[in-house]
Structure formats: C-alpha cells, structure tokens
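Engineer: The following block contains the structure, expressed as structure tokens.
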Amino acid sequence: MNNTIVIGASGQIGSELTLELRNRFGNDSVFASDIKDAAHDVMESGPFIKLDVTDSAKLTEIITKNKIKNVYLLAAMLSGSAEKNPGKAWDLNMKSLLLTLDLAKEKVIDKVFWPSSIAVFGPTTPKKNTPQLTIMEPSTVYGISKQAGERWCEYYFNKYSVDVRSVRYPGLISYKTEAGGGTTDYAVEIFYEAIKAGKYECFLSENTLLPMMFMPDAIRGTIDMMESDPAKIKIRSSYNMSGISFNPGELAQAIRKHIPDFTITYKPDFRQQIAESWPGSINDDDARLDWGWKHEYDLASMTDIMLGAIRKKLS
Ligand code: SER
C-alpha cells in the first residue's frame, strides 16, 4: 500500500488536487485532511480526517495508522492574511513544513510536495522573465516563510536525502473553491462579480502585472512533477513555474468579450504594495527542461471556462 494525504484539502488547490489524485490513484488511497470541513465531493469520495497540521502527535498518528507514504502539504496562510497575522502565519507555514520534513527524514513517509510561491521574490528581484536563480529579498511574512521553506527543503534533500519537491506557484485561478487571503485573489473574485453584478471594484490598480495560472494546469503540473523519476528533479528548493501574465485591465477586457457591459473600477488597498513587490513574468525554463512542464491555458481559454463554470455554479 502506498497511500497519499492532501493536507489542506479544503483550500483552493487542495480541493481540486484531492479529486484529481483520487481519479488517478483510487479513492481509497488518497486521504484528505484539513482543520475545517472540505467540499461535499471531497468529503464523500474518499477518506477525510480533521487535522490541525501543527499537532505533531496527531499528524504522526494519522500518517502511520493509514500507511501514508506521500504527503501533499498545502496548509498555509496566504500573503494578505499573513500580513495581518505575522506570528500565526510564520508558525503555521513553518511548523507544518518542518514536521513533515522530519517524518520524511525518519523514513515514515517517502515523498513530500510543498508549494512555494512567486512571493519568494521581492522589490529588488528583476521583474521581467524572473530567472530561477536571482535576488530574493521578499518583503512579506508569507514570502519570508516561503523562502525559508525553500531553504529547508533543499537542506533536507542534501543532508538527509529527503525526496521533497516544490514549485513556485503563480496566482492560481479556479472556480471550484474560492481563494482566501491572497493578493492574486482579485483574478478569481472578478469572475463572480462580473456574473453577479456586472461590475467589480478591484483592490489592485489597472496595470499591476502578475504571473497567473489556470488551476487545471497547476494540478497537472504538480502531479506530473511528483510522478517524475527523482533523478529528473534537479532543483530541490523550488521550481519557477509559469503560465500566463496579465493585469486587471487586461483581464477585464477579456471578460468584456463575453459580458460587453462589464465595468471595473480600481481602489488599491494594502495588497497593492505586496503585488508591486512581485515579478510580472517568470522564466521557467528549468521546469520545462527537467521534467517537461508546459502550460496549456491562455487568458482567453481560461476566461471562457471560468465564466461558463461560475454561471453554472451560481444558477
Ligand atoms: N496567490 C498567493 C497570494 O496571493 C501567492 O502565492 O498570496
């Protein structure tokens, strides 16, 4: 038996990742867990366990009892929320990772996926086509925790041969579970408001360019990387991973092709400064070369699917 657990299965990524992993590897072998209940289909299609990931004893018990060998650790506090709760964010984001890496070091588990983020970059990072190796001086609590996490991942790989794999996700756009607490969340909210109200007040300014990705690409890329031959995973901190780059003005324009009367206004809040510290576009040649990463969706195809799916969901 080679069971898998998704920790953070109620979240934006976790809810979709759990279902796709179950689809591929069987419902009973993919455990979902979160501190709060997950979506109905996640809770119904396979095992679900309530878990506070910082509870070391409970985490170890669940993993050993259920013969879990692969861990997808998605529980984290995102950039916007973390700025409001720095201590709690650091505690959750770091403690969960170190506990999991220790389980791998002790050979209780075989493989760990842990997401990093474009938030590892900061105001001094080159903004265009940001390289894999570059200046990294993150200015947010979330970014600092992700950068430290990357260093820990590489350290555990080098020192203890822990098979840990990671990507730096850009802003993720999806319709199944709404994002929460992130700076890139406007690109999800905008679709709901476009359909519900025909207008949206954006918390970032019109020209704020950010790297983004449609969730199906992110899920496929994540599982592909985890299923790759370990020799292909040459970077053990975290891989740059890119999809599409756009700003709120361009996204509004893409929505207007379907909803011509849609209007957008701009009222930047504290998240504007966070967004301005991040790159506009990412160079992900290493991921493409090492394990064959390739994104599929562009702005137009993503917008088309998002509007269709949210319309259906709301009706
Ligand atoms: N989407 C995340 C955020 O905005 C970035 O990793 O916090």
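The values are calculated or read from the model by the stated rules, or taken from the named source; none is laboratory data. Everything numeric in this text was worked out from a predicted model, so none of it was measured. Using ideal geometry, Cβ is built from the backbone for each residue, glycine included, and neighbour counts are taken over all protein chains shown. Note: areas computed on protein heavy atoms with side chains; ligands, DNA, RNA excluded. Shrake-Rupley method; radii C 1.70, N 1.55, O 1.52, S 1.80 Å.
Engineer: Report the paramagnetic label zone for LYS95: residues of region 164-206 whose backbone N is under 13 Å from a point 7 Å from Cα along the Cα-to-Cβ axis.
Structural biologist: The answer is none, because no backbone nitrogen lies closer than 13 Å to the label point.
Engineer: Through the Karplus equation 6.51 cos²θ - 1.76 cosθ + 1.60, θ set to phi - 60°, convert the phi angles of region 40-49 into ³J(HN,Hα) values in whole Hz; use x for Gly and Pro.
Structural biologist: Going residue by residue, I get 3, 5, 5, 6, 8, 7, x, x, 10, 10 Hz, with x marking Gly and Pro.
Engineer: Find which of VAL164, ILE259, LEU78 sits farthest along the positive direction of the dipole of the chain, computed with +1 on the beta-carbon of Lys and Arg, -1 on that of Asp and Glu, about the Cα centre.
Structural biologist: Positive-end residue among those listed: VAL164.
Engineer: Please report the spacing between the Cα centers of region 50-93 and region 236-315 in Å, no decimals.
Structural biologist: What the calculation gives is 27 Å, centre to centre.
Engineer: Let me ask something else. Enumerate the residues in region 179-202 having an amide nitrogen under 18 Å from the point lying 7 Å beyond the Cα of ASP261 toward its Cβ.
Structural biologist: Inside the label zone: 191-201.
Engineer: Output ³J(HN,Hα) for region 171-183: one whole-Hz value per residue in order, computed from phi by the Karplus curve 6.51 cos²θ - 1.76 cosθ + 1.60 with θ = phi - 60°, and x for Gly and Pro.
Structural biologist: Whole-Hz 3J(HN,Hα) from phi for region 171-183: x, 9, 10, 7, 10, 6, 10, 5, 6, x, x, x, 7.
Engineer: Another question about this same structure. Multiply the residue gap between ALA309 and TYR160 by 0.36 nm, knock off their C-alpha separation, and tell me the result in nm, one decimal place. Show your work: numbers first, answer last.
Structural biologist: On the way: separation 149, 0.36 × 149 = 53.64 nm, distance 4.44 nm.
Extending this stretch completely gives an extra 49.2 nm.
Engineer: For region 129-208, give the magnitude of the charge dipole about the Cα centre (Cβ charges: +1 Lys/Arg, -1 Asp/Glu; no others), in debye to the nearest 20.
Structural biologist: Numbers: 8 positive and 10 negative charges, 57 e Å.
Dipole size: approximately 280 debye.
Engineer: Let me ask you something else. Would you mind checking which residues have amide H under 5 Å from PHE48's amide H? H placed 1.01 Å from N; only 5 or more apart, or other chain.
Structural biologist: ALA32
Engineer: Okay, next question. Under unit Cβ charges (Lys, Arg +1; Asp, Glu -1), what dipole magnitude, rounded to 20 debye, does region 223-315 have relative to its Cα centre?
Structural biologist: Dipole size: approximately 380 debye.
Engineer: Using the beta-carbon distance between LYS232 and LYS50 and R0 = 35 Å, what value does 1/(1 + (r/R0)^6) give for FRET efficiency, to the nearest 0.05? Write out the running numbers ahead of the final one.
Structural biologist: Values: r = 36 Å, r/R0 = 1.02.
The value I calculate is 0.45.
Engineer: Suppose R0 equals 45 Å. What FRET efficiency, 1/(1 + (r/R0)^6) with r the Cβ-Cβ distance, do GLU206 and MET43 give to the nearest 0.05?
Structural biologist: For GLU206 and MET43, the calculated efficiency is 0.65.
Engineer: At a Förster radius of 41 Å, what calculated FRET efficiency corresponds to the Cβ-Cβ distance of THR60 and ILE135, to the nearest 0.05?
Structural biologist: Here the calculated transfer efficiency is 0.60.
Engineer: Where both residues lie in the chain, what percent of DSSP beta bridges are antiparallel, nearest 5? If you can, show how the numbers build up before the last one.
Structural biologist: Details: 3 of 33 bridges.
Within the chain, antiparallel bridges account for around 10 percent of the total.
Engineer: A further question follows. Two-decimal Rg/Rh of region 205-288 from alpha-carbon positions, Kirkwood Rh?
Structural biologist: Working: Rg = 16.5 Å, Rh = 15.2 Å.
Rg/Rh: 1.08.
Engineer: On the protein heavy atoms, probe 1.4 angstrom, tell me the percent of accessible surface of region 130-203 carried by carbon and sulfur.
Structural biologist: Details: 1410 of 2810 Å².
Here carbon and sulfur together make up 50 percent of the probe-accessible area.
Engineer: Add -39500 (n - 2.57) for each DSSP H run of 4 or more in the chain, then divide by its residues: what number comes out at 222 nm, to the nearest 500 deg cm²/dmol? Please list the in-between numbers first.
Structural biologist: On the way: 12 runs with 137 residues, N = 315.
After summing the helix terms and dividing by residue count, I get -13500 deg cm²/dmol.
Engineer: First compute the accessible area of region 226-273 with a 1.4 Å probe, then give the percent of it belonging to carbon and sulfur atoms.
Structural biologist: On the way: 1170 of 2380 Å².
Carbon and sulfur together cover 49 percent of it.
Engineer: Once the dipole of the chain is set up with Lys and Arg at +1 and Asp and Glu at -1 on Cβ about the Cα centre, which of ILE35, LEU101, SER315 lies farthest towards its positive end?
Structural biologist: Farthest along the dipole direction, towards plus: LEU101.
Engineer: Given the protein chains as shown and a 1.4 Å probe, how many square angstrom of GLU296 are accessible, to the nearest 10?
Structural biologist: Estimated to the nearest 10 Å², GLU296 gives 130 Å².
Engineer: Taking K and R as +1 and D and E as -1, what net charge do the other residues with C-beta under 12 Å from the C-beta of LYS69 add up to? Present the calculation step by step, with values, prior to reporting the outcome.
Structural biologist: Values: positive: LYS67, LYS107, LYS111; negative: ASP110, ASP163.
Around LYS69, the charge tally is +1.
Engineer: Here's another thing I want to ask about it. Suppose every K and R has +1 on its Cβ and every D and E has -1 on its Cβ; what is the size of the dipole of the chain about the Cα centre, in Debye to the nearest 20? It would help to have the intermediate numbers written out before the result.
Structural biologist: Working: 37 positive and 40 negative charges, 63 e Å.
Charge dipole, the chain, about its Cα centre: 300 debye, nearest 20.
Engineer: Find the relative contact order for the chain and round it to a whole percent, using C-alpha pairs within less than 8 Å whose residues are 6+ positions apart. List each step's numbers first, then the result.
Structural biologist: On the way: 638 pairs, mean separation 57.3, N = 315.
It rounds to 18 percent for the chain.
Engineer: Rounded to whole Hz and in sequence order, give me ³J(HN,Hα) for region 106-122 from the Karplus expression 6.51 cos²θ - 1.76 cosθ + 1.60, θ = phi - 60°, writing x for Gly and Pro.
Structural biologist: Karplus-based 3J(HN,Hα) across region 106-122 equals 7, 6, 6, 10, 9, 9, 10, 10, 9, x, 9, 7, 4, 5, 5, 8, x Hz.
Engineer: Take the solvent-accessible surface of the protein heavy atoms, probe 1.4 Å, and return the percent of it on region 40-120 that carbon and sulfur atoms account for. Display every interim value, and only then the final one.
Structural biologist: Values: 1780 of 3430 Å².
Looking at region 40-120 in its full context, I get 52 percent from C and S.
Engineer: For the chain, report the accessible area per residue in Å² (1.4 Å probe, heavy atoms, rounded to an integer).
Structural biologist: On the way: 13320 Å² over 315 residues.
For the chain, the per-residue accessible area is 42 Å².
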